[in-house]
Amino acid sequence: MSVIKAENIRFVYGAGTAFEKTALENVSFEIDQGEFVGIIGHTGSGKSTLVQLLNGLLKPTDGRICLNDKDIWEKPKKIRNVRFKVGMVFQYPEYQLFEETVYKDIAFGPKNMGLEDEELDKKVREAARFAGLREDQLESSPFELSGGEKRRAAIAGVIAMDPDVLILDEPTAGLDPLGREALLSQINDYHKVRKNTVMLVSHSMEDIAKLTDRLLVMSKGRLIMLDTTEKVFARGEELEKIGLKVPQITKIMMLLRERGISVDTSALTVEKGFSEIVNLLSGINR
Amino acid sequence: MVRDMTLGQYLPGNSFVHRLDARSKILLLIAYIVFLFLCRNFVSLLIMTLFSFLIIFLTRISFLKYLKSLRLVLVVIIITGIMNIFYGSGEVLWQWWIFTVTKGGLINAAFVVVRISLLMMISSVLTYTTSPTDLTDALECLMKPLTIFHIKVHEIAMMMTIALRFIPVLLDETDKIMNAQKSRGADMENGSPIRRVKALIPVLIPLFVSAFRRAGDLATAMECRCYNGGKNRTRMKVLHFSLRDLAASLSSLLIFSAIIISNIMFSNVI
């Protein structure tokens, strides 16, 4: 059963004013429970608008968005419940921290849901663990943490609401390579353990290739591809035409293929590419 | 969307008024206000009104925009208008309980309403046709004589420029933070006033933090470029007093003299 379904969404900014601008046009897709979906697209392709529509921060001009087969705008007064179910981690989420302690900040979301005492405490500690925060950091001020730790705290604040769908908009932007790796593997662990649906917006094709099962490709406000990650990256030339890239290792494979060497261009990770080339070389030696 | 808001009230254009030097616009506005309050009979007021409509016409900005600027002070206009009707002297026209309407009161009310409306509309001409940077540059130039009192005019102008520059940035930031907190279930639209004020805390604290961070970054960036305000600084855009400004000043002078003359020639009612 699909968790999130978008039906012919159109979204116009500033409708009815001189600044009218169509951000999304005729976007439809379905995402199943437990999928790890990536969203890629050039800057200004409508990715951010799309994710904001999914958790009810924006209302589609036309079309419907369904969460568990129910239109999220059926009862506009209850839109808060949709936001609890579709957790949204914005770009640079560390700028939203405000409480005196990390613990209180993580508890902000679940508290708004009406959780109290033991249940609240359990959610907060669990979320902190998933995000890779130490127990002793929970009592310190969020403003004393390092940049990477702040981001973990902010992500924990969303995870603590235990959403059905977790959307992350460029969660690794501005982190150092080690921090990136750690954060991504934590997100992956979270996905594996909770079996939740995760949507990841990213400009790093390597990250996308490593984590996601399926990909939404946006260009100029339209959904132009929706397929498994391998199949999308197999259409490398098309992606390059709209200003996107394929993972570097896939690019190498494509270049080898161009030179007449018959390699499988669907290798998305360095490990796969490595074994592909090893196979090829051992074949030549034989 | 907060993002769609234009910076200040400036409406870019290329009209005669737009191209006037910001300094002359400020000085002429001050003179205009003085003479607006010097109008003492209906002929003067009529001259001033016609002159105002001419200026508004010359800006090539829709009259609706000016009416919108009036909307902000509509309550003030209505209240002062009504108060003036009852607090006049002279021939009694109508009386009921403690309310007395006099001829003097009616005239006072008419003058007050016209004056405030014109004042608002012509002040809007300045903000509609002058970009905020030109405006602060002009203010800096006009306040320069104050340096002899050891007032740091350049620094004040710089602060104004920076403040104006950061309005859209901070609006954008507010938008983002509000979205982030709403995503965590912050409810800013419903509840009692106290609850709604409390709901602002999760927005205001990150906003302050980010404003201070940006201020620090900007200060560092300015120091890295050896910024040293005040003396000997040249500008990229130099303000020019042109023939156009001369024409505007002379015609204003003409109108203002006409007002003095009409004040002398006709009997004054106020």
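The values are calculated or read from the model by the stated rules, or taken from the named source; none is laboratory data. Remember, predicted model here, so these are calculated numbers, not experimental data. In this analysis, Cβ positions are derived from the backbone assuming ideal geometry, glycine residues included, and neighbour counts consider all displayed protein chains.
Looking across the range B:166-209 at every residue that is part of a loop (DSSP other than H, G, I, E, B) and at the interface with another protein chain (Cβ under 10 Å from one of its Cβ atoms), the one that is nearest to A:A127 (Cα to Cα) is identified as B:R184. In summary, A:Y190 fulfils each of the numbered conditions (1) among the hydroxyl-bearing types (S, T, Y); (2) at pLDDT 90 or above; (3) in contact with a Lys or Arg (Cβ under 9 Å, 6 or more places away or on another chain) with the single exception of condition (3). Checking the conditions here, which among A:R80, A:R129, A:R125 is over 22 Å from the mean Cα position of the chain (by Cα) and either outside any helix (DSSP H, G or I) or not aromatic (F, W, Y) (or both)? Answer to the check: A:R125.
The set of residues from the range B:155-164 being out of contact with any Asp or Glu (no Cβ under 7 Å at 6 or more places or on another chain) and either aliphatic (A, V, I, L, M) or surrounded by fewer than 15 Cβ atoms within 10 Å (Cβ to Cβ) (or both) comprises B:E155, B:I156, B:M158, B:M159, B:M160, B:I162, B:A163, B:L164. Every condition in (1) surrounded by 21 or more Cβ atoms within 10 Å (Cβ to Cβ); (2) of a type in the set (F, W, Y); (3) away from chain B (no Cβ under 14 Å) is met by A:F11 except one, and the failing one is (3).
Conditions (1) polar (S, T, N, Q); (2) in contact with a strand residue (DSSP E or B) (Cβ under 7 Å, 6 or more places away or on another chain), marked per residue:
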site: B:I30; (1), (2): no, no
site: B:T49; (1), (2): yes, no
site: B:L58; (1), (2): no, no
site: B:F63; (1), (2): no, no
site: B:S69; (1), (2): yes, no
site: B:I78; (1), (2): no, no
site: B:E91; (1), (2): no, yes
site: B:I98; (1), (2): no, no
site: B:A110; (1), (2): no, no
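Given the condition assigned to a helix (DSSP H, G or I) and either under 23 Å from the mean Cα position of the chain (by Cα) or of a type in the set (G, A, S) (or both), answer yes or no: does some residue in the range B:95-108 qualify? Yes, some residue in the range B:95-108 is assigned to a helix (DSSP H, G or I) and either under 23 Å from the mean Cα position of the chain (by Cα) or of a type in the set (G, A, S) (or both). In the condition set (1) more than 14 Å from chain B (Cβ to nearest Cβ); (2) surrounded by fewer than 16 Cβ atoms within 10 Å (Cβ to Cβ); (3) within 27 Å of A:L244 (Cα to Cα), A:Q33 is compliant with all but (3). The combined condition, being within 14 Å of chain B (Cβ to nearest Cβ), without any contact (Cβ under 8 Å) to a residue 40 or more places away in the chain and not small (G, A, S), is not fulfilled by A:L53. Residue check: is A:L216 in a strand (DSSP E or B), in contact with a strand residue (DSSP E or B) (Cβ under 8 Å, 6 or more places away or on another chain) and within 24 Å of A:I79 (Cα to Cα)? So A:L216 does not fit the description; no. Between A:L244, A:L239, A:L183, A:L223, the distinction of being in a strand (DSSP E or B) and either in contact with a Pro (Cβ under 7 Å, 6 or more places away or on another chain) or within 21 Å of A:F29 (Cβ to Cβ) (or both) belongs to A:L223 only.
Keeping to the range A:94-104, report how many residues are surrounded by 24 or more Cβ atoms within 10 Å (Cβ to Cβ) and facing another protein chain (nearest Cβ under 9 Å).
Let us first name the residues in the range A:94-104 that are surrounded by 24 or more Cβ atoms within 10 Å (Cβ to Cβ), namely A:96-97, A:102.
Next, only the ones that are facing another protein chain (nearest Cβ under 9 Å) stay: A:96-97.
The qualifying residues number 2.
Of the residues making up the range A:225-241, those that are surrounded by 15 or more Cβ atoms within 10 Å (Cβ to Cβ) and β-branched (V, I, T) are A:T229, A:V232.
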